[in-house]
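Shown next, in structure tokens, is the structure this report addresses.
Please treat every number below as a calculation from the coordinates, not as lab data. From a predicted model like this one, the values you see are computed outputs, not experimental measurements. When we count neighbours, we look across all protein chains shown, and the Cβ atoms used for this are built from the backbone with ideal geometry, even at glycine.
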Amino acid sequence: MVERVDKPLRFRIIDLETTGTSADDHVVEIAAVDLIGGDIVPIGSDLVRPAISIPPEASAIHHITNEDVVGCPALDVLLPSYMDTNASAGVDVFVAHKWAFEEQWLGEHLQGRPAICTYKAGLRLWPDAPGHSNQTLRYWLKPEGLDPTMASPPHRALPDALVTAHILRELLLVATVDDLISWTSEPALLPRVTFGRHRGCSWSDVPADYLTWVVERSELGPDIKFTAEHHRGMHVGPTR
């Protein structure tokens, strides 16, 4: 259980922009904001000099180029501050919209502190949302106090961290911190089927025999199998 009796929990929301999506890629921008007792506090934003060239397809997403990062610090210089390595800021919980992505570069620096994935939590709490990217949830939730000029452009680290902080604040209105942390450690619970003859259906409407096939005989991914197992355990209707 995450608990502090002396003062509110400090959540540090971090966003990274990178040269690609795998752990072999490199960070080109890092930013963070803190959420403390409902208040969102900007922490910082830095361009990062990667050890490899930024490919054009990555620049096309975040518009950060090799010329932009010349002379910028390397990630290992910046991480002690952002990850609160010396516990000077008192960060209790780290947060990212898709923590599995940021975890590739930040996970080893948690020092035992938990993390929250707002994407996985959003899937759990808002299955009927039109989408679960942080920007889609931003426009769907319309969180109070979000300045649209500060939340743009998307795919830059500080605006995305700010949007995620507002999503986290909405999540904390309807779920406990421990629930959010627990859901982060599990595969994603998907709202709708994205393949096969039940494509587009809610997983709660999928027949029990099909759920069993997904769990026991398919070679589908862990999120899909986890979701099917979850709904199989709740299933009370007939098979077909």
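In this structure, His109 and Asp209 have a Cβ-Cβ separation that, at R0 = 45 Å, corresponds to a calculated FRET efficiency of about 0.50.
Gaussian network model of the chain, Cα springs within a sub-10 Å range: biggest mean-square fluctuation belongs to which of Asp209, Asp178, Asp128? Sorting by GNM fluctuation, first place goes to Asp209.
The convex hull of the Cα atoms of the range 1-121, projected and averaged over all directions, covers 8.1 nm².
If you average the sequence gap of Cα pairs under 8 Å that are 6 or more apart and divide by the length of the range 10-185, what percent do you get for the contact order? Let's see the in-between values first.
On the way: 289 pairs, mean separation 44.8, N = 176.
Result for the range 10-185 is 25 percent.
Would the range 148-240 count as rounded, prolate or oblate if I go by the C-alpha gyration tensor, calling it rounded below 1.5 in a/c and otherwise prolate when a/b exceeds b/c, oblate otherwise? Prolate, since a/c reaches 1.5 and a/b exceeds b/c. Considering only Cα atoms, the convex hull volume of the chain works out to 147 Å³ per residue.
Given a cut-off of 22 Å, name the pairs among Lys98/Lys142; Lys142/Lys225; Lys7/Lys120; Lys7/Lys98 whose C-alpha atoms lie farther apart than that in the structure shown. Don't skip to the end; give the middle numbers.
On the way: Lys98/Lys142 20 Å; Lys142/Lys225 32 Å; Lys7/Lys120 27 Å; Lys7/Lys98 27 Å.
Pairs exceeding the cut-off: Lys142/Lys225; Lys7/Lys120; Lys7/Lys98.
Using the Karplus relation 6.51 cos²θ - 1.76 cosθ + 1.60 with θ = phi - 60°, the per-residue 3J(HN,Hα) values for the range 13-22 come to 9, 10, 10, 10, 10, 9, 7, x, 10, 9 Hz, with x marking Gly and Pro.
Take each of the peptides 120-127, 21-28, 64-71, 160-167, average the number of other beta-carbon atoms within 10 Å over its residues, and list them starting from the highest.
Numbers: 120-127: 20.9, 21-28: 16.1, 64-71: 13.2, 160-167: 26.5.
Descending mean neighbour count gives 160-167, 120-127, 21-28, 64-71.
Peptides 86-98, 192-204, 44-56, ordered by how many other C-beta atoms sit within 10 Å of their residues on average, highest first, read 86-98, 44-56, 192-204.
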